[in-house]
Amino acid sequence: MAKYAMVFDKRRCVGCNACVVACQQNYSMPPENKLNWVTVEEEGEFPNIKMDFVPQLCGHCENTPCVEICPVEGATYKTKEGYVLVNEDLCIGCGACLKGCPYGARSINAESNKAVKCTFCADIVENGGNPVCVNTCPTSARIFGDLEDPESEVSKLLASGDLERYDVYIGNESEGINPNVYYK
């Protein structure tokens, strides 16, 4: 059984936002509903400024506060592959899952009044592809794969011990949530 994860190699991210635009276009999302985003961290003073770009998205967590807080059973759910998804037919647009997500990775689509979030492009991945953001990244800063496959790049990176988990990296550690997004 596959268990998917994403690794961001921050050394490669140039902050171009191609990943954000590709995702928005692929899922026909209005601009206010970003399914992934890139924040900018600046250090220093002009002319010695250092900028780091931090890609972010849903953590597809092991333990899911968004699923637990949702008042409609099955509206937000986790699959056996580790995807955390929204069933738009069941979602009532109450926003409880937005409050339950410690990473701000959900929003309400004003057009549909339904919760939206990154899906790791589950439909594409299940048909043998990679998420749109991974395919679009011009610097290969996004690495996606199956943690259960010891030959996948994400498994090898995780085994190297050279990664930081999403919650630790962004300074929002939430006990026992364990997101499946990492930074190198």
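All of the numbers you see were taken from the coordinates with simple rules; none came from a lab. None of these values were measured; they are calculated from a predicted model. Because the Cβ atoms are built from the backbone with ideal geometry, glycine has one as well, and the counts that use them run over all protein chains shown.
Remarks
- Within a straight-line Cα-Cα reach of under 19 Å, LYS3 can be paired with the following aspartates and glutamates, leaving aside sequence neighbours fewer than 8 residues apart in one chain: GLU62, GLU81, ASP123, GLU126, ASP146, GLU148, ASP149, GLU151, GLU153, GLU164, ASP167.
- Counted charge near ASN17, where neighbours are those whose Cβ lies closer than 13 Å (Asp, Glu -1; Lys, Arg +1): +2
- Taking GLY59, GLY104, GLY82 as the candidate residues, the one with maximal mean-square fluctuation in a Gaussian network model of the chain, Cα springs under 10 Å, is GLY104.
- Leading residue at positive end of dipole, segment 4-183 (Cβ point charges), from CYS66, PRO30, ALA122: PRO30
- Cβ-based net charge around ILE92, under 13 Å, with every Lys or Arg adding one and every Asp or Glu removing one: -2
- Net charge over other residues, Cβ less than 11 angstrom from the Cβ of SER152 (K, R count +1; D, E count -1): -3
- All lysines inside 22 Å of LYS50 as judged from Cα atoms, apart from same-chain residues fewer than 8 positions distant: LYS10, LYS184
- 15 Å Cα-Cα reach of LYS34 towards aspartates and glutamates, excluding residues that sit fewer than 8 places from it in its own chain: GLU111
- For segment 86-122 versus segment 1-48, the gap between their alpha-carbon centres in whole angstrom: 19
- Cα-Cα pairs of segment 1-106 separated by more than 18 Å (percent): 59
- Within segment 57-114, trypsin sites (Lys or Arg not before Pro) in DSSP loop having at most 11 other beta-carbon neighbours inside 10 Å: LYS80
- Long-range amide H partners of ASN17 with built H, under 5 Å: none
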